[in-house]
């Protein structure tokens with residue numbers, strides 16, 4: 001049974017005139033009669049008694065009318081609420097991000113965002129693990145890596161330039177490497193997801209299979225290890241731009257910049273219409289980051305010793 005058939009039935013009952021109701025629905029008298037007959041066949045009962053002069057509800061018709069109007073009102077209310085939810089950011093927003101980006105570039109702005117969108121509830125998952133966005137039920141993921149799934153939607157948040165850096169204490173003790181070959185004589189902070197470091201040389205890309213003095217599986221461990229003077233680390237400028245500006249870390253080997261840097265992306269599942277809560281957060285973050293984002297605006301590597 002179609003909703004439009006019920007609406008037609010309710011309107012016929014309200015007007016007490018089949019032809020007049022038919023005209024409102026764009027139906028000829030014969031088409032209006034046929035539509036009512038179809039509804040009665042679906043219901044399995046005669047709903048209206050018809051004479052040449054008037055139409056009236058049968059007992060079955062009165063039973064159906066008593067519930068049909070309430071049902072249609074509930075359906076209309078549901079669609080009104082759905083339309084409102086599609087126009088306004090609302091509901092739970094599940095976000096996946098690695099710890100450094102979430103801590104430095106999302107959490108500081110969430111209070112303002114939630115004031116602007118009070119009907120949005122935030123749930124964040126912090127991990128260096130590349131999540132299955134659809135399979136694990138995330139609305140949005142922040143990735144500082146090449147996009148592995150071309151079916152996903154993506155918006156660029158900013159560049160992901162990386163630098164080789166170390167603490168001033170480490171450089172004072174061990175000096176600074178001038179070329180990738182010098183890394184054999186330095187303490188390197190290893191990351192399990194990055195066993196090879198790539199640099200841009202005069203004749204093309206240079207791959208370095210490092211032998212780490214210390215290794216781990218977290219970008220934040222590598223950051224802390226560099227600050228503690230344990231060695232050299234490859235870090236995203238989005239992660240260490242404040243440390244480079246304040247001198248807590250120093251970029252080294254500027255003549256051989258880190259290769260394969262990529263961008264930082266906001267990734268979300270494909271859909272005919274992107275949920276307003278997702279669009280609202282991405283637009284809000286971009287308004288905070290600027291173009292280019294603040295971590296890219298200054299060359300924090302100018303103080304590199306070589």
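Nothing in this text is a laboratory measurement; each read-out follows from the coordinates by a stated rule. Note that the coordinates shown come from a computational prediction; the quantities given were computed from them, not determined experimentally. Here the Cβ is made from the backbone with ideal geometry for all residues, glycine too, and neighbour counts use every protein chain on show.
A Stokes-Einstein calculation at 10 °C with viscosity 1.306 mPa s, built on the Kirkwood radius of the stretch 1-51 over Cα pairs, returns a diffusion coefficient of 148 µm²/s. Using only Cα coordinates, the Kirkwood hydrodynamic radius of the stretch 3-87 works out to 13.6 Å. Dividing the Cα radius of gyration of the stretch 178-306 by 2.2 N^0.38 Å, with N the residue count, gives 1.24. Within the listed set 91, 61, 201, the residue fluctuating most in the Gaussian network model of the chain (springs between alpha-carbon atoms under 10 angstrom) is 61. Using a simple spin-label model with pseudo-atoms 7 Å out from Cα toward Cβ, residue 205 and residue 66 lie 7.6 nm apart. Taking Cα atoms only, the orientation of helix 59-87 departs from the longest principal axis of the chain by about 20 degrees. Stretching residue 114 away from residue 134 to a fully extended chain increases their span by 4.8 nm, per 0.36 nm per residue minus the current alpha-carbon distance.
Here the mean projected area of the convex hull built on the C-alpha positions of the stretch 133-205 is 7.9 nm².
Here the calculated FRET efficiency for residue 77 and residue 263, from their Cβ-Cβ distance with R0 = 41 Å, stands at 0.40, rounded to the nearest 0.05. Between helix 3-15 and the chain there is an angle of about 40 degrees, using the helix long axis and the longest principal axis of the Cα atoms. Shown for 117, 174: other C-beta atoms within 10 Å of each C-beta, ranked fewest to most, produce the order 174, 117. Only helices enter the 222 nm calculation for the chain: every DSSP H run of n ≥ 4 contributes -39,500 (n - 2.57), and dividing by all residues gives -11500 deg cm²/dmol, rounded to 500. Between residue 122 and residue 156, the simple spin-label model (points 7 angstrom out along Cα→Cβ) gives 2.6 nm. I want to verify the translational diffusion coefficient of the stretch 75-223 in µm²/s; compute it with Stokes-Einstein, Rh as the Kirkwood radius over Cα pairs, at 37 °C and 0.692 mPa s. Estimated diffusion coefficient is 171 µm²/s.
Each Cα pair of the stretch 162-252 feeds into the Kirkwood radius, which the Stokes-Einstein equation turns, at 10 °C and 1.306 mPa s, into a diffusion coefficient of 122 µm²/s. With the convex hull of its Cα atoms as the shape, the chain has an orientation-averaged projected area of 22.8 nm².
Between 0 and 90 degrees, the angle of helix 237-246 with respect to the longest Cα principal axis of the chain falls at about 50 degrees. Here the relative contact order of the chain, from alpha carbon pairs under 8 Å that lie six or more residues apart, stands at 20 percent. Projected label points at residue 194 and residue 11, each 7 Å from Cα along the beta carbon direction, are separated by 6.5 nanometres.
Applying the Kirkwood pairwise sum to the alpha-carbon positions of the stretch 215-276 produces a hydrodynamic radius of 14.3 angstrom.
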